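The block underneath contains the structure these notes are about, expressed in structure tokens.
Please treat every number below as a calculation from the coordinates, not as lab data. It should be emphasised that the depicted structure is a prediction, and the values quoted were computed from it without experimental measurement. Ideal geometry is used to build each Cβ from the backbone, glycine not excepted, and the neighbour counts take in all protein chains shown.
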Amino acid sequence: MTKGVHLWLLLWKATKSLEACARRSVEATGLCLSDFGVLEALKHKGPLPVNVLGKKILVSSGSVTAAVDRLERNGLVERVDAETDRRSRIVHLTEKGSELIQRLFEEHALDMEQAFTALDEQDRLAFADLLRKLGHGAEKNKERR
């Protein structure tokens, strides 16, 4: 039987390798990971509050605020008061930001495609199912403790 700690080590090493590929891909765009993550989240999810953005891209509230500040200074995003709650601000892509992330994301998607060439389509489908199963199982275990 393969031990959980061995599987964790394999997953951790693979994740580090893939993260390095993603980091190189993103840094080639001239953006840092958090800035790219904000633009990518807004591209795919639409306008979002700052706190939701942070959760989507897995960074702290301070880091996402700094990223939004940088992107706003560069004219790539704008903050708009929420219609239902004036205390809340929603982050929107500007036209310039939308055009930029569309182009950059296409390049990044090609880089990530290259990173996964070791897996054929059947492997990819099985891998995706296993990752979902593993994530759900870990969440259930977290709730039990």
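For the stretch 25-116, what size does the Cα cloud have along each of its three principal axes, sorted from largest down, in whole Å?
On the principal axes, the stretch 25-116 reaches 44, 26, 21 Å in Cα extent.
With charges set only on the Cβ (+1 for Lys and Arg, -1 for Asp and Glu), what does the dipole of the chain come to about its Cα centre, in debye to the nearest 20?
Roughly 860 debye for the chain.
May I ask you to compute the full-extension gain from GLU121 to SER98, defined as 0.36 nm times their residue separation minus their alpha-carbon distance, rounded to one decimal in nm?
Result: 5.2 nm gained on full extension.
Taking the alpha-carbon distance from LYS16 and a cut-off under 18 Å, which aspartates and glutamates remain once sequence neighbours fewer than 8 residues away in the same chain are dropped?
Candidates past the 8-residue exclusion: GLU27, ASP111, GLU113.
With a 10 Å Cβ neighbour count serving as the proxy for reagent exposure, in which order, fewest first, do ILE101, ILE90 appear?
Least crowded to most crowded, the residues run ILE90, ILE101.
Amide H to amide H, which residues 5 or more places from ALA82 or on other chains are under 5 Å from it, using H placed in the peptide plane?
The answer is SER88, ARG89, ILE90.
On alpha-carbon atoms, Rg over Rh for the stretch 28-74 using Kirkwood Rh?
Computed over Cα atoms, the ratio is 0.92.
At what distance in nm do the modelled label points of ARG132 and THR65 sit from each other, each positioned 7 Å from its Cα along Cα→Cβ?
Modelled inter-label distance: 3.7 nm.
Would you please report the Å³ per residue occupied by the convex hull of the alpha carbon atoms in the stretch 80-126?
129
What's the angle, to the nearest 10 degrees (0 to 90), between helix 33-45's Cα axis and the longest principal axis of the chain?
Roughly 80 degrees, rounded to the nearest 10.
Quick one: helix 95-115 against the long Cα principal axis of the chain, what's the angle to the nearest 10°, folded into 0 to 90?
Helix 95-115 and the main axis of the chain meet at about 10 degrees.
Just rank VAL91, VAL50, fewest to most, by other beta-carbon atoms within 10 angstrom.
Lowest to highest Cβ neighbour count: VAL50, VAL91.
Could you give the length gained by full extension between ALA22 and ARG89, i.e. 0.36 nm per residue of separation minus their alpha carbon distance, to one decimal place?
Roughly 21.2 nm would be gained on extension.
On a C-alpha basis, how far is the centre of the stretch 1-62 from the centre of the stretch 68-145 in Å? Whole number, if you could?
When both Cα centres are located, 8 Å separates them.
Calculate, in nm to one decimal, what LEU58 and ASN141 gain on full extension: separation in residues at 0.36 nm each, minus their alpha carbon distance.
27.8 nm
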